[in-house]
Structure formats: C-alpha cells, structure tokens
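Asker: Got a structure for you, questions after.
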Amino acid sequence: MKKVITTLLILMLSVVGLSANADNLPIKQKLNDSRPTYANKYSIVRFFQDHVYYANQTDLAKFLKLYSPKYISNDGFNMESTTELFTDLWKQYAGIKYRNKVNSVAFYGDTAVVNVSEAAAANIVDDNKKGQLKSYVDVIYYLERKGKSWVITGENVITEAISITWGDANSVAMFLEAPQMVGAGEEYSAKLYIAPPSGIFAIASISSEIVSYPQKPQKDVFKKFASDYSLERIFLANDKNTNEYVVASIGYSRPTMNGATGFNMNLSGYACLIRRVNVVPKNNYIEVKHEDKKV
C-alpha cells in the first residue's frame, strides 16, 4: 500500500512541476497567437494597409514580398502567373487606385484567415473617348506569420464584379445578374438589364469564359434587347474544375442624319460587365444511403 501511495505522490509532484513550467512550453505561444488580441488584429490591419499602399504605388517588388513563394489562389494562380497578371494590369491601367476594408479575422496559431473587401478604379482613354474601370472583390485571404508580420499563402475569391465603360455607356444604368456559385456541369442563367436614355440604341452579347491567364475571350454574338431592355442566356457550367466569368458586352449608338436620305449609326458608347461564377467540382466520394421503405 505504501508503494502505491509513494508512486501517486511522485506522479502528482511531476504534474505540479510540469504546470509550474507550462509558461515555458511552445503551446503557450501557440495559444496566445490564436487569441484575437489587439496586437494580433492590429498586425493584420497594418499588413493590409501595406498591401493597398504598395498596390496604389504600383510598387511590384514590395507588393509581391507580401506573398509567400508557395502562394496559390482558388483559381490555381501561383506566384509566377500572379506576377505576370499584376505586371500587365498595371501597365494597361497605370493610374489604377485601390481601397480595401478588413471585415473579419480568425487566428489559428501561426496562421490567420481574413475576409477583405477590395475596390479599384481607373480612368480610360480610348479613341479620345473617356471611360472608367471599376471593380469590387470580396475575398478570403490565408496568411502565415513571418517574423513580426505576415505573408499571403492563398486566397479564395467569393464575389467579383468588374465594369468597363466609355462614351454613352457612362450614363446608362446597367446590371448583370449571375449566380455566385454553381455545381460543375450544371445549367445556370445569366441576365442583363439596362435602362438607356431616349435616343440611344443598344445591342449586347452575353458569354461565358473560364478563369485563365491570359484570359481567352469568346466570340461576341450581339443581339437585340427584349422590349423591357433585358437579355438572358443559359449556360452549362464547365466540368474542368475551373471557375468562370460571365461577360456582357453592350454597344450603344446615337443615330445621326446622313444627308437628306439616311442615318448613320456610329458607336457612341461601350460597356463590358463581368461577374464571377465559382464552380464547385463534383465530388464522387459523397455517399447518401437510402433506406427502402417497407409497405
């Protein structure tokens, strides 16, 4: 009996000794890093302040240092394709300006999951016609600690809307409707609505493109709008494990007199509206058991 008591006392003393040194164990730091403390939250906000600052300065070198070499997006973009994408984008839209907002943060030790809303705008000059580019993205970023700061290891774009307009299109109300998410191989509908002022005529096309780089646009087939200025097209989501864009192209024209006998229908405006459709791959390993009902 004394031997059992002695053994128990030794075990208790060992546990007490372990508890006394718990502050020195690595798990203490892991648990602290997982807490949404002011310091942890501020480090994330500060990180995305740098992210948008370097983007607005189009400082590609410092911007890319915020990304991990193993970075991957839900579109399959890695660091190589992301570098080329931003290089081309900032050449094409030299004056582009960004703003962002950190909506929520969750910490898991040395990693963080951050929901960020991002917007961008740029002026466009095309054949002496002024235009605008606007975009809005709601995205989940995956971050990993690097010293006292962070690096982006991945991202998941939830919603994305882009509009490019010039000429008369700048003064027309337009809306492109598409599902945010569909299953691979499923049918879905995309609808375009516009409200052109009197005296402006419009035709449009709606197409679907897989998300790729460089983007591979489909051939536009322009059609007349219905009497209520709506246009709809049905698509079949791809089964290639790739997300899609629904793209609406709208051409506007104002008729002008051509002498005394006819009209000219010159292009007076153009718009391109883009909406992301996230495609969920088919999972062949989900099993649903159905019990036969006995009559």
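The values are calculated or read from the model by the stated rules, or taken from the named source; none is laboratory data. Model, not experiment: these values are computed from the prediction. All Cβ positions, glycine included, derive from the backbone under ideal geometry; neighbour counts span all protein chains shown.
Asker: For residues that are at pLDDT below 80 and not in a helix (DSSP H, G or I), tally how many sit in the range 21-54.
Answerer: Qualifying residue count for the region: 5.
Asker: Being buried (at least 17 other Cβ atoms within 10 Å of the Cβ), in contact (Cβ under 8 Å) with a residue 40 or more places away in the chain and under 28 Å from CYS272 (Cβ atoms): is that true of ASP75 here? Break it down stepwise before answering.
Answerer: On the way: buried (at least 17 other Cβ atoms within 10 Å of the Cβ): yes; in contact (Cβ under 8 Å) with a residue 40 or more places away in the chain: yes; under 28 Å from CYS272 (Cβ atoms): yes.
Against the criterion (buried (at least 17 other Cβ atoms within 10 Å of the Cβ), in contact (Cβ under 8 Å) with a residue 40 or more places away in the chain and under 28 Å from CYS272 (Cβ atoms)), ASP75 qualifies.
Asker: Being closer than 25 Å to LYS129 by Cα, polar (S, T, N, Q) and either in contact with a helix residue (DSSP H, G or I) (Cβ under 7 Å, 6 or more places away or on another chain) or at pLDDT below 95 (or both) is the filter here, so list the residues in the range 226-259 that pass it.
Answerer: Within the range 226-259, SER253, THR256, ASN258 qualify.
Asker: If you don't mind, another one. Anything in the range 197-246 that is of a type in the set (Phe, Trp, Tyr) and either outside the structural domain of PRO179 (by TED's automatic domain parsing) or under 30 Å from ASN264 (Cβ atoms) (or both)? List them, or say none.
Answerer: At the first step, the residues of the range 197-246 found to be of a type in the set (Phe, Trp, Tyr) are 201, 213, 222, 225, 229, 235, 245.
Result: PHE201, PHE222, PHE225, TYR229.
Asker: For LEU89, indicate whether it is surrounded by 13 or more Cβ atoms within 10 Å (Cβ to Cβ), among the hydrophobic types (A, V, I, L, M, F, W, C), within 29 Å of TYR270 (Cα to Cα) and free of Cβ contacts under 8 Å to residues at least 24 places away in the same chain. Step through it out loud before you land on a result.
Answerer: Details: surrounded by 13 or more Cβ atoms within 10 Å (Cβ to Cβ): yes; among the hydrophobic types (A, V, I, L, M, F, W, C): yes; within 29 Å of TYR270 (Cα to Cα): yes; free of Cβ contacts under 8 Å to residues at least 24 places away in the same chain: yes.
So LEU89 fits the description; yes.
Asker: Another question about this same structure. What pairs come up if the first residue lies in the range 125-150 and is touching a residue at least 60 places away in the same chain (Cβ under 8 Å), the second is surrounded by fewer than 16 Cβ atoms within 10 Å (Cβ to Cβ) and assigned to a loop (DSSP other than H, G, I, E, B), and their beta carbons are under 6 Å apart, counting only those six or more places apart or on different chains?
Answerer: ARG145/ASP110
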